[in-house]
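Shown next, in structure tokens, is the structure this report addresses.
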Amino acid sequence: MARLAKLTIEEIRDEVLSLIAFDQPDLNIIELSDDKVEISGRLFVMPKSPENQPLGALDQFEVRIVIPIGFPAIEPLVFETGGRIERELDYHVNPNGSCCYSVWPAWLADAKDQSISEVVSGPIMDFFRWQYVRLNGIDAATAIGERQHYISGLLDAYAEVLDCSPTQKSVSSHLKVLRRKWLRSRWRCPCGSRKKIGVCCETNLRKIKGRVSPEIAEIMQEKLNSQSR
Amino acid sequence: MTKQISNHIEFLDAMADAIDIPTKLHEKAIDRYNSIGEYFQRPTSGIFDRDPVTYPQGSFLLGTVIRPVGDADEFDLDIVCQVQGSDNELTQEELKQLVGIEVNDYASANGIAKSPKDGRRCWTIEYSKSEKFHMDILPALPNAHRYREFLIEKGHVGLGADVELTENALAITDKEHENYASITNDWLISNPRGYAAWFRQQQSAEFDRRKSLLVEDRQFASVDEVPDYRVKTPLQRAIQLLKRHRDTMYGDDPDKPISIIITTLSAQAYSGEQNIGDALRTILTDMDKHIADEGSVRYVRNPVNPEENFADKWEEFPAREKEFHRWLKAAQTDFSHYFRRPYDSVPSDLVERLTQNTFDKVSPLMALASPTVVSPKEVASKEVDYITEHGGNSKPWQG
Ligand SMILES: [Zn+2]
């Protein structure tokens, strides 16, 4: 199982340069320091529907994105700077403009590669597509969906990744197993059946372990801890 | 070319088609080099005994020819005239003259007024103005054996053992070579067919797929009957657009990025994309990553002869390296912005780079698409419908 990349700041910069070369030509690097790469400008939101492709971009938002050293284990911060989105919890934007665009560790588990281009064209663009839909008079929360605030939304997202029920107990016992390097058939199954893994969910657990490495399980657990406090 | 255009990809395909050499002219060019080839092979030819073979090289062979920006300008048709022989019985000068006699005879036998020009490495035949092209003929000897030895000696063992990429290597003449007039074994080497074979490998899956499509479309009875030049892959198309973009940005500026660098880096970056939009995205995002750094020297290595650096002039003329990057940035910006606008609202910068003249040939095909005015809310609804059906839009969350 591949470990998350440990990128140097130069490697992060190179990934950013790949992003702004073609996919997001109106973003620019505004700051490059030892601990982060900061970009800002207009983010193009591209359509998902093939029918809409000939129209080009659906919308553009003024943004500032901060990619910290430690990416991808640590998530980029995204700010909407154009003031087009009300700073409201219901719209998933904090008073300082920072955007709650996704449950990061869940994306880490699902992403086919954890590059900056993937983050921007994936969850970040998804977030702004959600806002675009809403700004066009459609109730995006109902039409596309949203996570509930705080821990319940987090548990929902985790439960989808872990294929378990969205309770703290179930999620925690799954993470406990997945944080270990190996999966042992004789351990008690995290599903709550009281059986051994080997005679219960082993096949499914091995499949999940293929996506959720111990490292990602650890990041998931830390986030859960910080939300539980 | 009467198909209507209803998206970005169809527009760019049509533009590339419009800057490509017209099929008729391409067929005429083939006739021309077949005709000169047959002339060289006639029994009274001075090189008859040496079994001469002629074949195209360069962009004609790669399928990346583009029209000159001014329609009055001519196409370059580069061909190789390979004769049997060895550098231990011929000097470069002797080979050049041996072929030159035949080239001159051919010109006078075919009523070509201007006498062929004896250039540094080639003979040039200037056809009459109405013919729209001139032909550069490169005299050459087969050189596969020494070419392989050279590669292996330089440590390129795998390449040296690759038959397909080395079997057509050549030794060529050069008037500025110090031993031009003496028998030596240090002739310049060249390998245009090897390069073309490498280029073909970079796009082989898509090339074959497109040939099959022409057969499915009943334009040809079988894949073997489809001439190579009737197939244009997204790689070839992208290179044509990028070369045109370069041509209009630089004109005759000697610091302009050269075609062989654009072609090589594009083919290296290309990874089998099936349409010109995806191909341009990959190429423009990744092409500069294939420039190697060694200290302060930059390398764009010839894939079939890594000892040859296509960027070897960059050290002497640093402006050329700078201009390559300035051009790349401009091409990224111009093509990327097009994809972010409606397909029929082509940015003026891109029109200027691909020329107004070409745009005017293609734009009527865009008007053929029936314009359906869609309200912003309808567009947004279509997005929602698609996401509802296919999923894949991550959900926002407040932590
Ligand atoms: Zn179980």
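The values are calculated or read from the model by the stated rules, or taken from the named source; none is laboratory data. Worth saying up front: this structure is predicted, and the values here are computed from it rather than measured. All Cβ positions, even for glycine, are placed from backbone atoms using ideal geometry, and neighbour counts span all protein chains on display.
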Among the residues that make up segment B:71-81, is at least one of them without any contact (Cβ under 8 Å) to a residue 40 or more places away in the chain, part of a loop (DSSP other than H, G, I, E, B) and out of contact with any Cys (no Cβ under 9 Å at 6 or more places or on another chain)? yes
Among strands (runs of 3 or more DSSP E) entirely inside segment B:111-189, those with 2 or more residues being under 22 Å from B:Glu89 (Cβ atoms) are B:133-142, B:170-172
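Conditions (1) at pLDDT 90 or above; (2) away from the ligand (no atom under 16 Å from the Cβ); (3) under 27 Å from A:Tyr91 (Cβ atoms); (4) surrounded by 15 or more Cβ atoms within 10 Å (Cβ to Cβ), marked per residue:
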residue: A:Ile144; (1), (2), (3), (4): no, yes, yes, yes
residue: A:Leu155; (1), (2), (3), (4): yes, yes, yes, yes
residue: A:Thr167; (1), (2), (3), (4): yes, no, no, no
residue: A:Lys207; (1), (2), (3), (4): yes, no, no, no
residue: A:Glu222; (1), (2), (3), (4): yes, yes, yes, no
Complete set of residues in segment B:115-143 that are of a type in the set (A, V, I, L, M) and at pLDDT 95 or above: B:Ile137, B:Leu138, B:Ala140, B:Leu141
Test B:Gln240 against the criterion of being in contact (Cβ under 8 Å) with a residue 24 or more places away in the chain, closer than 26 Å to B:Lys24 by Cα and part of a helix (DSSP H, G or I), and give yes or no. yes
Taking the conditions exactly as written (in the same structural domain as A:Ser49 (by TED's automatic domain parsing), away from the ligand (no atom under 16 Å from the Cβ) and either within 15 Å of the chain's Cα centre (by Cα) or touching a residue at least 60 places away in the same chain (Cβ under 8 Å) (or both)), does A:Met125 satisfy them or not? yes
Criterion (of a type in the set (D, E, K, R), closer than 22 Å to A:Leu135 by Cβ and surrounded by 21 or more Cβ atoms within 10 Å (Cβ to Cβ)) met by exactly one of B:Glu383, B:Glu378: B:Glu383
So for segment B:294-305 (the condition being assigned to a helix (DSSP H, G or I) and not assigned by TED's automatic domain parsing to the domain that holds B:Gly158), does at least one residue qualify? no
Can you find even one residue in segment B:171-185 that is of a type outside the set (Asp, Glu) and without any contact (Cβ under 8 Å) to a residue 24 or more places away in the chain? no
Six or more apart or on different chains, Cβ under 6 Å: which pairs go from a residue in segment A:195-211 that's away from chain B (no Cβ under 14 Å) to one that's within 10 Å of the ligand (Cβ to nearest atom)? Could you list them? A:Lys195/A:Cys189; A:Ile197/A:Cys189; A:Cys200/A:Cys189; A:Cys200/A:Ser193; A:Cys201/A:Cys189; A:Cys201/A:Cys191
Scanning segment B:122-140 for residues that are under 17 Å from B:Asp31 (Cβ atoms) and among the hydroxyl-bearing types (Ser, Thr, Tyr) gives B:Tyr127, B:Ser128, B:Ser130
Test A:Ile151 against the criterion of being more than 16 Å from the ligand (Cβ to nearest atom), over 23 Å from the mean Cα position of the chain (by Cα) and surrounded by 12 or more Cβ atoms within 10 Å (Cβ to Cβ), and give yes or no. no
Can you list residue pairs whose Cβ atoms sit under 8 Å apart, with the first residue in segment B:281-302 being in contact (Cβ under 8 Å) with a residue 60 or more places away in the chain and the second being of a type outside the set (Val, Ile, Thr) and in a helix (DSSP H, G or I)? Count only pairs 6 or more apart in sequence or on different chains. B:Asn302/B:Tyr195
Please count how many residues of segment A:73-107 are within 30 Å of A:Arg179 (Cβ to Cβ), in a strand (DSSP E or B) and modelled with pLDDT of 95 or more. 2
Name every residue in segment A:127-146 that is part of a helix (DSSP H, G or I) and either in contact with a helix residue (DSSP H, G or I) (Cβ under 9 Å, 6 or more places away or on another chain) or more than 7 Å from chain B (Cβ to nearest Cβ) (or both), in order of residue number. A:Phe128, A:Arg129, A:Trp130, A:Gln131, A:Tyr132, A:Val133, A:Arg134, A:Leu135, A:Ala140, A:Ala141, A:Thr142, A:Ala143
Filter result (more than 10 Å from the ligand (Cβ to nearest atom) and closer than 19 Å to A:Gln221 by Cα) within segment A:178-192: A:Leu178, A:Arg179, A:Arg180, A:Lys181, A:Trp182, A:Leu183
Tally time: how many residues in segment A:184-229 are closer than 24 Å to A:Leu4 by Cα, out of contact with any helix residue (DSSP H, G or I) (no Cβ under 6 Å at 6 or more places or on another chain) and assigned to a loop (DSSP other than H, G, I, E, B)? 2
Within segment B:1-63, helices (runs of 4 or more DSSP H) holding 2 or more residues that are surrounded by fewer than 18 Cβ atoms within 10 Å (Cβ to Cβ) and away from every other protein chain (no Cβ under 14 Å): B:23-40
Tell me which residues, restricted to segment B:334-360, are surrounded by fewer than 16 Cβ atoms within 10 Å (Cβ to Cβ) and assigned to a helix (DSSP H, G or I). B:Ser348, B:Asp349, B:Glu352, B:Gln356, B:Asn357, B:Asp360
Yes or no: segment A:115-123 includes at least one residue that is part of a loop (DSSP other than H, G, I, E, B), among the β-branched types (Val, Ile, Thr) and within 13 Å of chain B (Cβ to nearest Cβ). no
Collect the residues in segment B:204-238 that are touching a Lys or Arg at 6+ places or on another chain (Cβ under 9 Å), closer than 19 Å to B:Leu61 by Cβ and polar (S, T, N, Q), keeping them in residue-number order. B:Thr233
Out of the residues in segment A:193-203 that are loosely packed, with under 15 Cβ neighbours inside 10 Å and under 19 Å from A:Pro166 (Cα atoms), which is nearest to the ligand (Cβ to nearest atom)? A:Ser193
With the structure loaded, tell me whether A:Arg64 is out of contact with any helix residue (DSSP H, G or I) (no Cβ under 9 Å at 6 or more places or on another chain) and more than 11 Å from chain B (Cβ to nearest Cβ) or whether it fails that test. yes
